[in-house]
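Data block below; observations after.
The values are calculated or read from the model by the stated rules, or taken from the named source; none is laboratory data. Quick caveat: nothing in here was measured; it's all calculated off a predicted structure. Positions of Cβ are backbone-derived with ideal geometry, glycine not excepted, and every protein chain shown enters the neighbour counts. Please note that ligands, DNA and RNA were not included when accessible areas were found on the heavy atoms of the full protein model with its side chains. Shrake-Rupley method; radii C 1.70, N 1.55, O 1.52, S 1.80 Å.
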Amino acid sequence: QVQVVESGGGLVQPGGSLRLSCAVSGSIFEIYAMGWYRQAPGKQRESVAGITSGGAINYADSVKGRFTISRDNAKNTVYLQMNSLKVEDTAVYYCNCNARRVGAFARYDYWGQGTQVTVSS
């Protein structure tokens, strides 16, 4: 089994900051890409930021310059530092990782349960 657990969501005023964390645990052989997605009410889930095992990073245009993704490979953890938050950043944020389990040949995507981020005055 592979567990993906997010933390760090909450309510923040516009212009504020939050830091999301996502820890991956279980019978993992190797984690490849990790990333954050979000889904606002009535909208499709969208990619926010991603980072490969080699450190290559990509961001959605809407968050460039405001959000920073990072990962700690020793802890199987990925972070999302969110600054200058806007009302339109309100969504459920999901962590995703592409990983191979111990004893398996294939790689799969694993998802967390999501953490709510609400930006409101």
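For the reader, a short list of remarks on this structure follows.
- Per atom type, region 32-89 shows carbon and sulfur on 47% of its accessible surface, probed at 1.4 Å.
- Reachable aspartates and glutamates, given that their alpha-carbon falls under 16 Å from the alpha-carbon of residue 75 and they are not under 8 places away in the same chain: 6, 30
- Per residue, region 21-96 exposes 49 Å² of solvent-accessible protein surface, assessed with a 1.4 angstrom probe and all protein chains in place.
- Label-point separation, residue 52 to residue 39 (7 Å along Cα→Cβ), nm: 2.8
- Listed values for region 94-103 are Karplus-derived 3J(HN,Hα) couplings in whole Hz (6.51 cos²θ - 1.76 cosθ + 1.60, θ = phi - 60°), namely 10, 9, 10, 9, 9, 9, 10, 7, 4, x, and x replaces Gly and Pro.
- Sites residue 5 and residue 70, calculated FRET efficiency, Cβ-Cβ separation with R0 22 Å, nearest 0.05: 0.80
- Using θ = phi - 60° and Karplus 6.51 cos²θ - 1.76 cosθ + 1.60, couplings along region 13-24 (whole Hz; Gly, Pro as x): 7, x, x, x, 10, 9, 10, 9, 10, 9, 10, 10
- Cysteines not pairable in the chain (beta carbon separation under 4.7 Å absent): 97
- Here the 3J(HN,Hα) profile of region 53-65, calculated from phi with Karplus coefficients 6.51, -1.76 and 1.60 at θ = phi - 60°, is 5, x, x, 5, 10, 9, 10, 5, 4, 5, 10, 4, x Hz, Gly and Pro shown as x.
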